[in-house]
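Student: Following this message is one structure expressed as structure tokens.
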Amino acid sequence: MNRLEAAVDRVLISEAKIAARVKKLGAQITKDYADKNPIIVGMLRGAVLFYGDLLKHVKIPCTLDFMCLSSYCGTCSTGEVRFLLDLRGSIAGRHVIIVEDIVDTGLTLDYVLKNLAHRGAASVEICTLLDKPSNRKVEVPVKYTGFKIKNEFVIGYGLDCDELYRNLPYIGVYRAG
Ligand code: IMP
């Protein structure tokens, strides 16, 4: 076992399971947005692997853009959301899909949705790889979900602990200490 994998208590979602689910999500988005040329927004940095893989299965013309917010410090949410990078382009009149790694308390996406509400998008929907519904503090409308998981801290496939372990190819439960 290498130092990267030593941080994993157990594999929660394998590479194969992720790949199969991401393919289905891409096919669903392709169908739902067939004639809409959506803007697909990747939430940096946690969604990068999911975003890249998902886009390969979205077979319609679309625009790519990115946002970066932060509310985490180690394994616990600070509860305070900070805007680190905003969208480059206008979303007025456009259909927007926000691609996120995980919805936990919901505070980050609630903040994003409120912020985007004044920018005149035709629609804004959320696509998340993971959802931890039991930890929700504020409800957010999630249209596409990869996997619902229990309230455990997970790493890999883009998800980090103190900016490490994002490069694990699967989702694992973090081994504390
Ligand atoms: P929320 O604002 O509490 O919904 O948190 C959203 C953000 O917290 C996600 O985009 C992740 O970056 C981070 N996060 C929440 N749970 C986990 C986890 O289990 N592992 C790694 N990051 C997490």
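Student: Pick from segment 112-135 the residues that are under 12 Å from residue 102 (Cβ atoms) and open to solvent by 30 Å² or more (accessible area, probe 1.4 Å): which of them is modelled with the highest pLDDT?
Tutor: Selected residue: 133.
Student: Additional query: Scan segment 113-136 and report the pairs whose first residue is at negative phi and whose second residue is exposed (fewer than 15 other Cβ atoms within 10 Å of the Cβ), with Cβ atoms within less than 6 Å and a gap of 6+ or a chain change.
Tutor: If the second residue must be exposed (fewer than 15 other Cβ atoms within 10 Å of the Cβ), the pairs left are 122/93; 131/148; 132/151; 134/151; 135/151.
Student: Sort out which residues of segment 119-141 are more than 20 Å from residue 87 (Cβ to Cβ) and within 14 Å of the chain's Cα centre (by Cα), and write them in order of number.
Tutor: Taking segment 119-141 as the starting set, the residues that turn out to be more than 20 Å from residue 87 (Cβ to Cβ) are 129-139.
Answer for segment 119-141, where residues must be more than 20 Å from residue 87 (Cβ to Cβ) and within 14 Å of the chain's Cα centre (by Cα): 129, 130, 131, 132.
Student: Does segment 61-73 contain at least one residue that is loosely packed, with under 12 Cβ neighbours inside 10 Å and either within 16 Å of the ligand (Cβ to nearest atom) or modelled with pLDDT under 95 (or both)?
Tutor: In the first step, residues of segment 61-73 are kept if they are loosely packed, with under 12 Cβ neighbours inside 10 Å; the result is 61, 73.
Within this subset, residues satisfying the condition of being either within 16 Å of the ligand (Cβ to nearest atom) or modelled with pLDDT under 95 (or both) are 73.
Yes - at least one qualifying residue is present in segment 61-73.
Student: Further, regarding this structure: Could you list all residues from segment 140-150 that are more than 11 Å from the ligand (Cβ to nearest atom) and over 11 Å from residue 25 (Cβ atoms)?
Tutor: First pass over segment 140-150, keeping only residues more than 11 Å from the ligand (Cβ to nearest atom): 141, 143-148.
Selection gives 141, 148.
Student: Would you check which residues across segment 133-165 are closer than 22 Å to residue 19 by Cβ and not in a loop (DSSP other than H, G, I, E, B) and list them?
Tutor: Hits for segment 133-165 are 144, 145, 146, 147, 148, 154, 155, 156, 159.
Student: If you don't mind, there's one more thing I want to ask. Considering 116, 84, 130, 168, which residue is near the ligand (Cβ under 10 Å from one of its atoms) and either outside any loop (DSSP other than H, G, I, E, B) or touching an Asp or Glu at 6+ places or on another chain (Cβ under 8 Å) (or both)? Write out each step before concluding.
Tutor: Values: 116 fails: near the ligand (Cβ under 10 Å from one of its atoms); 84 fails: near the ligand (Cβ under 10 Å from one of its atoms); 168 fails: near the ligand (Cβ under 10 Å from one of its atoms).
It is 130.
Let's see how each residue does on (1) in contact (Cβ under 8 Å) with a residue 60 or more places away in the chain; (2) surrounded by 15 or more Cβ atoms within 10 Å (Cβ to Cβ):
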site	(1), (2)
10	yes, no
37	no, no
52	no, no
93	no, no
103	no, yes
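Student: Determine which member of the set 164, 168, 84, 107 is of a type in the set (A, V, I, L, M), in contact (Cβ under 8 Å) with a residue 60 or more places away in the chain, over 30 Å from residue 34 (Cβ atoms) and open to solvent by 30 Å² or more (accessible area, probe 1.4 Å).
Tutor: 164
Student: Just to be sure, is residue 89 open to solvent by 30 Å² or more (accessible area, probe 1.4 Å), touching a residue at least 40 places away in the same chain (Cβ under 8 Å) and assigned to a loop (DSSP other than H, G, I, E, B)? Write out each step before concluding.
Tutor: Values: open to solvent by 30 Å² or more (accessible area, probe 1.4 Å): yes; touching a residue at least 40 places away in the same chain (Cβ under 8 Å): yes; assigned to a loop (DSSP other than H, G, I, E, B): yes.
It is true that residue 89 is open to solvent by 30 Å² or more (accessible area, probe 1.4 Å), touching a residue at least 40 places away in the same chain (Cβ under 8 Å) and assigned to a loop (DSSP other than H, G, I, E, B).
Student: Something else about it: Being farther than 19 Å from residue 86 by Cβ and either away from the ligand (no atom under 13 Å from the Cβ) or in contact with a Ser or Thr (Cβ under 7 Å, 6 or more places away or on another chain) (or both) is the filter here; which residues of segment 100-113 pass it? Spell out the reasoning first.
Tutor: Filtering segment 100-113 down to residues farther than 19 Å from residue 86 by Cβ leaves 102-106.
Once the filter is applied, which keeps residues that are farther than 19 Å from residue 86 by Cβ and either away from the ligand (no atom under 13 Å from the Cβ) or in contact with a Ser or Thr (Cβ under 7 Å, 6 or more places away or on another chain) (or both), segment 100-113 yields 102, 103, 104, 105.
The values are calculated or read from the model by the stated rules, or taken from the named source; none is laboratory data. Since we're looking at a predicted model, the values are computed, not measured. Virtual Cβ from ideal backbone geometry, glycine too; neighbours counted across all protein chains shown. Accessible surface is based on the protein model in full, side chains and every heavy atom, while ligands, DNA and RNA are left aside. Shrake-Rupley method; radii C 1.70, N 1.55, O 1.52, S 1.80 Å.
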